[in-house]
1. Which cross-chain or sequence-distant (5 or more) residues have an amide H under 5 Å from the amide H of A166, H modelled 1.01 Å from N in plane?
2. Is the shape of the range 155-209 best called rounded, prolate or oblate, per the rule: a/c under 1.5 gives rounded, else a/b larger than b/c gives prolate, else oblate, with a ≥ b ≥ c the square roots of the Cα gyration tensor eigenvalues?
3. Would you please give the residues with an amide H less than 5 Å from that of A189, counting only those at least 5 places away or on a separate chain, with H modeled from the backbone geometry?
4. Pick out which of T96, T178, T60 has the largest mean-square fluctuation in a Gaussian network model of the chain, springs linking Cα atoms closer than 10 Å.
5. Which one of L135, L79, L87 has the biggest mean-square fluctuation once the chain is modelled by GNM with Cα springs under 10 Å?
6. I want to check the label-to-label distance for H4 and D62. Put each point 7 Å from Cα in the C-beta direction and report it in nm to one decimal.
7. Provide the per residue accessible area, probe 1.4 Å, for the chain, rounded to a whole number of square angstrom.
8. Leaving ligands, DNA and RNA out of it, report the carbon-plus-sulfur percent of the accessible area of the range 103-174 at a 1.4 Å probe.
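The values are calculated or read from the model by the stated rules, or taken from the named source; none is laboratory data. These numbers come from a predicted model, not from an experiment. Every residue, glycine among them, receives a Cβ derived from its backbone with ideal geometry; neighbour counts consider all protein chains shown. Side chains are part of the model used for accessible areas, which takes the heavy atoms of the whole protein and leaves out ligands, DNA and RNA. Shrake-Rupley method; radii C 1.70, N 1.55, O 1.52, S 1.80 Å.
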Amino acid sequence: MQFHCNGTAIEIAVDQLIVAGWTGRNIEAVQHHIDELAAIGVAPPSTVPLYYRVSNALLTQDDAIQVVGEESSGEVEPLLLKVAGNLYLGLGSDHTDRGLEAHSVAASKQICAKPVASEVWAFDEVADHLDQIELKCSIKEDGAWVAYQDGTLASIRPLAELMAGADFADNMAMLCGTLGAIGGVRPAADYKMEMVDPVLGRSLAFGYQARNLPVIS
């Protein structure tokens, strides 16, 4: 895949893609969410945080993905990339099949493509103010864009901690967890996502569509 950082093209052959789950910094809130999901049949994680290994082919920069059925939804997440010893911070979506999630969280992560922005930042440029970086996601409902997620990286475990837990190395990519959904997790077809750096006055943004394929039995 090709990304761009400060006008320079970066080539990376991603040989491992990881989706980090249960990465909230507030442990009590994470446990509350685990209990909520357990009540609807979702098995609790074996450890917190948990690192799901998924197919590297799921990572995409396309502006449309195809999903089976109408029970999937995206969620804005920081993306980490490591290339030739250099670390980059980007923006992506852990699109997930919520129906399948009740049977297997790992399978629900594997079944959907993971759209990402083509622009990234050098990690060193943001390392001293990561907690101030903002994440935003909007979805289209009834023809209008509505806020779906809005917060900062302060809500997510420190990225250095997540990298250490995943043994993050060259040619790896990792989606690092997300924020709570405003109004609850729900399906949508159209997404706009943004990462804002208020210190350096810049942002990353991308959007995509989730196109439903019929469920054939």
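1. none
2. Working: a/c = 1.75, a/b = 1.42, b/c = 1.23.
Here the range 155-209 falls in the prolate category.
3. K140
4. Comparing T96, T178, T60 in the GNM, the peak value goes to T60.
5. L87
6. Distance between label points: 2.2 nm.
7. Details: 10070 Å² over 217 residues.
I get 46 Å² per residue for this part.
8. Values: 1460 of 3110 Å².
That fraction is 47 percent.
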